[in-house]
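Here the structure comes first, spelled out in C-alpha cells, and everything after it is commentary.
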Amino acid sequence: MQHQPSAPEPKPAATILLLRDEPEFQVLMVKRHQQIDFASGALVFPGGKLHDGDADPAWAQHCTGWSQFDEVQRTLRIAAIREVFEEAGILLAHHRDGRLFEDSCEPAIRSAVDRGELAFLDVVRDLDVQLRLDALSIFARWITPPMMPKRFDTFFYVVHAPANQVAACDGHETVDAEWIAPQQVLRLAERGERTVIFPTRMNVQLLAEASDASDCMRRAEERPLVTVLPRLEERDGQRVLVISDNAGYGAVVEIVG
C-alpha cells in the first residue's frame with residue numbers, strides 16, 4: 001500500500017482589514033509581487049506569517065489592551081500590526097499621552113524590519129509609542145485546506161484606519177497599495193481584471209454587506225466566530241471547495257481549476 005503523505009501543519013498567520021469612510025466606504029488592499037510564491041500578483045489584505053519577535057514578552061510595555069487578550073491573541077495582533085507596517089507603511093499606534101501616531105513610516109526602516117535586520121519592537125520602543133491591540137476586532141478565521149502544499153491558520157482583523165497616515169507599498173512583497181470599495185473589488189474580480197483568491201474574495205463579499213466602517217466593526221463583534229476550513233468535494237463531475245453554511249458566507253461552492 002502506498003503511503004499517503006500527511007498534510008502540512010498550518011502556520012499561524014494574521015491579516016488586517018483597514019477601513020475608512022472617506023471618500024466612501026473602502027478597505028486597504030495591496031497587490032502581491034509577481035515573484036512571491038504565495039498568491040503572486042493577487043489583490044490581498046496586508047498580512048503574513050508570525051515572526052518570533054511577535055511573541056516577545058517585552059511587548060507588554062508597548063501595547064494597549066495587553067491584559068484583555070491571551071498570549072495567542074496578543075501575538076497575532078502584534079503580527080497583524082507589524083505586517084501592515086511593513087507592507088503598507090501604516091503604524092497602528094498612539095503616543096503615551098493618547099494622541100494617535102500620525103507620522104510617516106520610513107521605507108528604509110520598514111525594509112529592515114521585513115528583512116529581519118531590525119526588530120519591530122525596537123522601532124516601536126524608539127518611537128515611544130504603543131501598539132493599539134485593543135483597536136482590532138476579529139473578522140474571520142480561515143485555515144487552508146489539507147491538500148494544499150502550504151497551509152495557514154489565518155485570523156482576519158478589522159480596524160478603523162488612522163486618518164492622516166498615507167499607505168505606500170513596500171515594493172518587495174507588494175507592488176501597489178490602494179483604497180478600494182468592497183463592491184468594486186468584487187466587480188474587478190468577476191471581470192477578470194484583478195486576481196482575488198478565494199478566501200480574500202469571500203471576506204470582501206462579507207465586508208461588502210456593511211454600510212460603513214463602524215457598521216462593519218459592529219457586525220464583526222456581534223458575529224459568532226466560526227473557523228472556516230474549506231473542504232474539497234466532487235459534485236456533478238466537478239471538483240469544488242465547500243465551506244460550512246453557518247460560517248456567515250451563505251451557501252458557497254467554488255469550482256476548483
Legend entry - Whole-Hz couplings from phi, Karplus 6.51/-1.76/1.60, listed for segment 146-154; x for Gly and Pro: x, 7, 7, x, 10, 10, 9, 10, 10
Inset, instruction - Assuming R0 = 41 Å, can you tell me the calculated FRET efficiency for the pair R125 and N246, based on Cβ-Cβ distance, to the nearest 0.05? - result: 0.45
Inset, instruction - With both partners inside the chain, how many of the DSSP beta bridges are antiparallel, as a percent to the nearest 5? - result: 70
Legend entry - Cβ-based charge dipole, segment 55-143, positive-most Cα from V113, H95, C63: C63
Legend entry - For segment 201-215, Karplus couplings with θ = phi - 60° (6.51, -1.76, 1.60), whole Hz, Gly/Pro x: 4, 5, 7, 5, 4, 5, 4, 5, 6, 8, 8, 7, 4, 5, 5
Legend entry - Accessible-area composition of the chain, carbon plus sulfur, in percent [1.4 Å probe]: 48
Legend entry - Highest average packing first - 102-113, 80-91, 221-232, Cβ atoms within 10 Å: 80-91, 102-113, 221-232
Legend entry - Mean accessible surface per residue for the chain, computed with a 1.4 Å probe while every protein chain stays in place, in Å²: 50
Legend entry - Helical contribution to [θ] at 222 nm, DSSP H n ≥ 4, -39,500 (n - 2.57), averaged over the chain, rounded to 500: -7500 deg cm²/dmol
Inset, instruction - May I ask you to evaluate 6.51 cos²θ - 1.76 cosθ + 1.60, the Karplus curve with θ = phi - 60°, for each residue of segment 104-115 and list the ³J(HN,Hα) values in order in whole Hz, giving x for glycine and proline? - result: 6, 9, 4, x, 5, 5, 4, 5, 5, 5, 4, 7
Legend entry - Simple spin-label estimate for V166 and T227 in nanometres, 7 Å along Cα-Cβ: 4.2
Legend entry - Tail fraction, Cα-Cα pairs, the chain, threshold 25 Å, whole percent: 43
Inset, instruction - Scan around K11 for amide H atoms under 5 Å from its own, H built in the peptide plane at 1.01 Å from N, and keep only partners 5 or more places away or cross-chain. - result: R151, F152, D153
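The values are calculated or read from the model by the stated rules, or taken from the named source; none is laboratory data. Just so we're clear, the structure is a prediction, and the values are computed from it rather than from any experiment. Note that we place each Cβ from the backbone using ideal geometry, even for glycine, and neighbour counts take in every protein chain shown. With ligands, DNA and RNA removed, areas are computed over all heavy atoms of the protein, side chains included. Shrake-Rupley method; radii C 1.70, N 1.55, O 1.52, S 1.80 Å.
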